[in-house]
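These notes are about the structure you will find just below.
The values are calculated or read from the model by the stated rules, or taken from the named source; none is laboratory data. Quick caveat: nothing in here was measured; it's all calculated off a predicted structure. Methodologically, a virtual Cβ is constructed for each residue, glycine included, from the backbone with ideal geometry; neighbour enumeration extends over all protein chains shown. Surface areas here come from the heavy atoms of the whole protein model, side chains and all, with no ligands, DNA or RNA. Shrake-Rupley method; radii C 1.70, N 1.55, O 1.52, S 1.80 Å.
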Amino acid sequence: MAMLESIHLKNFKSFADAEVKLAPLTVLVGANGSGKSNLLDALRLVQRLELGWTLTEALQGRREAGREVAPALRGGSMGLARSANALVELTLRWIAEPDLMTHGMRIEVRGEPVFRWERVALDGPVLRGSSRIAVDSVPVKGLFPYNAQPSISTDEQSLTFLVPNEANQSVYRQALSRFSELYAGPATQVLTLGHSLFLEVIPARMRGYSPQQDIELGTEGENISSVLWSHCERHPDTQQEWVDWLAELCGPEIVGLDFSRTELGDVMLVLVEKDGTRTPARSLSDGTLRFLGTLVALRTVQEGSLVILEEPETGLHPQRIHLLVEFLESVVRERGLQVILTTHSPQVLQALSAESLKNTVLCARSPDQDGTVLRRLGDLPHFEEVSQRSNIEHLFTTGWLERAL
């Protein structure tokens, strides 16, 4: 399984110097303004760079034919650095056993943002002490649009790609391509942030008809009806799973899914209740649509993907939040996904397994430390001992977690 193992941030927004270890399911908790969304912004920035956007586009937004197709990162270029005239550093560490891959960058923002350097390093067992990778013979001249040529080097531990000059374009995709030519290990096929899903389910985008041919769920939950219709057509044996989850969530007893179709080939999801009542998507509650959108996204996204969710419990009854957590933990195991989510709900924490609770990350501001502090709950002093005597909701709502820093 390929996984983003950690992210290290220096001078990025609210972070002075912080590193966080990530798990297959990582929950981020903390007060408003503590830095949870800033951490997700770092991931969104790197995702855009890996998709081939320039640094300026990644920060300021992207326009095509005079139309905005992607908004600016919160704060844009001027909101990137925590302190003026300081360099921003981001380092992501991927693991695709038995390989490790590190992607680091240093960014300067003075007018036009530029990379001061970018480094991609691969560490695999085949590389260590191997003479089969003749890096010196690889031509790199003219491969990248920079003033100075990137360098590829090996030592007994790793294969490294380094660009030490000013530029506005990431070299990550080119580095992976070149590494693939040199070494056919797991890390060179790793699913990077370029393939991750930032899901922000918006119920209003899910209530209309959708064309039958649109069988990919949008990042805001759009096309939910056609995606479900297609999935049920191709895998009729899985329809009962959707019904079972919705039956647990909803007050009325849901016994089936149906679809209303127009002569133009558009479809709309309809929930069927035990007494025969039929409720179309346009009449479903926000909470039901958010829950369903999350289920469908994680069931249909490519296996091994990274999925980022912000407060997915929004709109759910407190007594039903455990259903969402149960689903997240099961789908991560079954489909090899990695999920990172933020929450303000103590019910989410209460429903987590012991392992997921220990891997939960507290984002906090401490008067004794600069910037946002990141700590796994399992690493807090006496956490396991105290959590056995007092439930996590009490620790969460009374501020014990922050005090434990």
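Structural remarks
- Leu395 being of a type outside the set (Lys, Arg) and closer than 26 Å to Ser196 by Cα: no
- Test: residue in region 26-40 that is under 25 Å from Pro186 (Cα atoms) and touching a residue at least 12 places away in the same chain (Cβ under 8 Å): yes
- Scanning region 58-89 for residues that are β-branched (Val, Ile, Thr) and modelled with pLDDT of 90 or more returns a single hit, Val88.
- Of all residues making up region 47-58, the number that are closer than 19 Å to His195 by Cα and touching a strand residue (DSSP E or B) at 6+ places or on another chain (Cβ under 7 Å): 3
- Residue check, Ser14 in contact with a Gly (Cβ under 7 Å, 6 or more places away or on another chain) and either open to solvent by less than 30 Å² (accessible area, probe 1.4 Å) or under 12 Å from Leu193 (Cβ atoms) (or both): yes
- Against the numbered list (1) without any contact (Cβ under 8 Å) to a residue 60 or more places away in the chain; (2) under 31 Å from the mean Cα position of the chain (by Cα); (3) surrounded by 19 or more Cβ atoms within 10 Å (Cβ to Cβ), Ala281 comes up short only at (1).
- Condition met for Val135 (surrounded by fewer than 19 Cβ atoms within 10 Å (Cβ to Cβ) and modelled with pLDDT under 90): yes
- Test: residue in region 376-394 that is more than 30 Å from Trp242 (Cα to Cα), of a type outside the set (Gly, Ala, Ser) and within 19 Å of the chain's Cα centre (by Cα): yes
- The strands (runs of 3 or more DSSP E) found entirely in region 194-306 that carry 2 or more residues being acidic (Asp, Glu) are 266-273.
- The listed residues are Leu306, Leu269, and the only one of them that is in contact with a Ser or Thr (Cβ under 6 Å, 6 or more places away or on another chain) and over 30 Å from Leu39 (Cβ atoms) turns out to be Leu269.
- The set of residues from region 333-344 being open to solvent by 10 Å² or more (accessible area, probe 1.4 Å) and either closer than 26 Å to Gly35 by Cα or touching a Phe, Trp or Tyr at 6+ places or on another chain (Cβ under 6 Å) (or both) comprises just one member, His344.
- Of the residues Gly256, Gly315, Gly336, the single one that is within 26 Å of Met3 (Cβ to Cβ) and of a type in the set (Gly, Ala, Ser) is Gly336.
- Within region 78-110, being under 17 Å from Asn38 (Cβ atoms), hydroxyl-bearing (Ser, Thr, Tyr) and in a strand (DSSP E or B) holds for one residue alone: Thr91.
- In the set (1) more than 22 Å from Gly378 (Cβ to Cβ); (2) charged (D, E, K, R); (3) surrounded by 17 or more Cβ atoms within 10 Å (Cβ to Cβ); (4) touching a strand residue (DSSP E or B) at 6+ places or on another chain (Cβ under 9 Å), the condition left unmet by Glu311 is number (3).
- Residues of region 161-193 satisfying the condition of being touching a strand residue (DSSP E or B) at 6+ places or on another chain (Cβ under 8 Å), hydroxyl-bearing (Ser, Thr, Tyr), farther than 26 Å from Leu39 by Cα and at pLDDT 75 or above: none
- Any chance Leu298 is among the aliphatic types (A, V, I, L, M), modelled with pLDDT of 95 or more and under 16 Å from Leu28 (Cα atoms): no
- Answer residue from region 95-112, given it is at pLDDT 85 or above and farther than 17 Å from Ser6 by Cβ and is least open to solvent (accessible area, probe 1.4 Å) among those: Ile107
Every residue, every condition in (1) surrounded by fewer than 16 Cβ atoms within 10 Å (Cβ to Cβ); (2) under 28 Å from the mean Cα position of the chain (by Cα), yes or no:
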{"residue": "Leu228", "(1), (2)": "no, yes"}
{"residue": "Leu246", "(1), (2)": "no, yes"}
{"residue": "Gly256", "(1), (2)": "no, no"}
{"residue": "Phe259", "(1), (2)": "no, no"}
{"residue": "Leu264", "(1), (2)": "yes, no"}
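- Taken over region 351-377, the criterion of being exposed (fewer than 14 other Cβ atoms within 10 Å of the Cβ) and within 22 Å of Glu313 (Cα to Cα) is satisfied by Ser353, Ala354, Glu355.
- Filter pass, Leu92 being open to solvent by 10 Å² or more (accessible area, probe 1.4 Å) and either touching a strand residue (DSSP E or B) at 6+ places or on another chain (Cβ under 6 Å) or at pLDDT 85 or above (or both): no
- Here Pro381 fits the description: surrounded by fewer than 18 Cβ atoms within 10 Å (Cβ to Cβ), more than 14 Å from Val27 (Cα to Cα) and touching a residue at least 12 places away in the same chain (Cβ under 8 Å).
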